[in-house]
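Have a look at the structure below, then the notes.
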């Protein structure tokens, strides 16, 4: 899904998911099949780039671990509305029927700023992830 999504994202000029064609946004089988055929080469390029990233990431992680440094992460509570996560599982994010965010996400302001940081992130609807995907923290596919 992420390779196809990346190709679609570029095809739709990096616009918000809610601005993509309804057929693709709703994942209608004929439209998806046509787009997959059209974007086959771009999907293969994306697959290769992800392969390179995966190799480089694990080489870095292995190197870091050998030096006593552990790389850890956290679970994002806000996900970009134009992401494969929102496209594949809109029910676990606070988005409308057009996959536009309901409200705005944000974070704490930078230390020297009086403004709140605002963005077009889709808040995650916590408890729904397990029931929607059948796993405790992933797609289950």
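Residue ranges 80-90, 43-53 sort as 80-90, 43-53 when ordered by packing (mean number of other C-beta atoms within 10 Å per residue, highest first). Peptides 15-21, 94-100, 36-42, 55-61 ranked from most to least packed by the mean count of surrounding Cβ atoms within 10 Å: 15-21, 94-100, 36-42, 55-61.
Computed from the Kirkwood radius of its Cα pairs, the Stokes-Einstein diffusion coefficient for segment 1-72 at 25 °C and 0.890 mPa s stands at 173 µm²/s.
Note down the relative contact order for segment 1-72 as a percent, whole number, built from C-alpha pairs under 8 angstrom at least six residues apart.
Numbers: 28 pairs, mean separation 23.2, N = 72.
Dividing the mean separation by the residue count of segment 1-72 yields 32 percent.
Values in this text are rule-based calculations from the coordinates and carry no lab data. Not measured: the values here are computed from a predicted model. All Cβ positions, glycine included, derive from the backbone under ideal geometry; neighbour counts span all protein chains shown.
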